[in-house]
């Protein structure tokens, strides 16, 4: 293992929302192995999953703190942001992976309208409202210590949000994630140069849904990527840590498509 002093997130303090499973868990563990000294591991209902994430992070000599919050609830949201800043004192990176799962579990049987409403509350309003609260605090933090590298905020979009995809999934996730991407770019305009704001737009990532889906979707994921494979949560985590690294301080207001390269060739 590299000395912690030369790791990309050495001596930093980080918040990872939605870190009880999937992409958020991978990001939190990657941040710990990248040198972060303290990380808030956020969860909503899955406290056991968040505790498991924290246990894996301790192997990297990182101090995790598990905090729960329903980010769709305004009062809980404000309290959570306060607790994060109280717990860490200063925050170098806020990586916002929290999002609603409407493809597996109980929510898979909901109507389109129910799924859409839930995505609006959690992914869109939750991201915007949390981002505004955190951005304001990070800007104040920078004013108090102008010598620090600009803090970083990272959001999660979707690579097909702005170009569209057929079916219910496209009509649900497309407008929601496009909204998140537009918000992040606008927030970057307001917070520069003291806070950087970027978005990762993943393509076909093999989270829980991808592990159990049909052969059609598996073939589609493989064929639509130039790399001919599913993306992994670890791929997203690597991109998030790259954007959050303090020395990458000339990158803001960007959306990074993380999809293995979109395959535009005709199927032979």
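Packing, as the average of other Cβ atoms within 10 Å across residues, places the peptides 149-155, 125-131, 255-261 in the order 149-155, 125-131, 255-261, highest first.
For region 1-130, a/c is not less than 1.5, where a ≥ b ≥ c are the root eigenvalues of the C-alpha gyration tensor, and a/b tops b/c. That puts it in the prolate class.
Scaled against the 2.2 N^0.38 Å expected of a compact globular protein of N residues, the Cα radius of gyration of region 9-258 reads 0.96. Angle of helix 126-144 to the longest C-alpha principal axis of the chain, folded into 0 to 90 degrees and rounded to 10: 30°. Against the chain, whose longest principal axis is taken from its Cα atoms, helix 47-57 shows a tilt of about 70°. Against the main long axis of the alpha-carbon atoms of the chain, helix 74-88 sits at an angle near 50°. Could you tell me whether region 227-268 comes out rounded, prolate or oblate from its Cα gyration tensor? Rule is a ≥ b ≥ c as square roots of the eigenvalues, rounded for a/c under 1.5, then prolate if a/b exceeds b/c, otherwise oblate. It is oblate, given that a/c is not under 1.5 and a/b is not larger than b/c.
Sorting the segments 68-81, 90-103, 185-198, 22-35 by their mean number of nearby beta carbons within 10 angstrom, highest to lowest, gives 22-35, 90-103, 185-198, 68-81. The slack in the chain from residue 110 to residue 79, taken as 0.36 nm per residue of separation less the alpha-carbon distance, amounts to 8.2 nm.
Helices in the chain, meaning DSSP H runs of at least 4 residues, each add -39500 (n - 2.57). Divided by all residues, the mean residue ellipticity at 222 nm is -13500 deg cm²/dmol. Comparing Cα centroids, region 233-264 and region 6-38 end up 15 angstrom apart. For region 9-258, the relative contact order comes to 20 percent (Cα pairs under 8 Å, sequence separation of at least 6).
Where a number appears in this text, it was derived from the coordinates with a stated rule and is not lab data. All of these numbers come straight from a predicted model, not from anything done at the bench. Cβ coordinates were reconstructed from backbone atoms using ideal geometry, including for glycine residues, and neighbour counts include every protein chain displayed.
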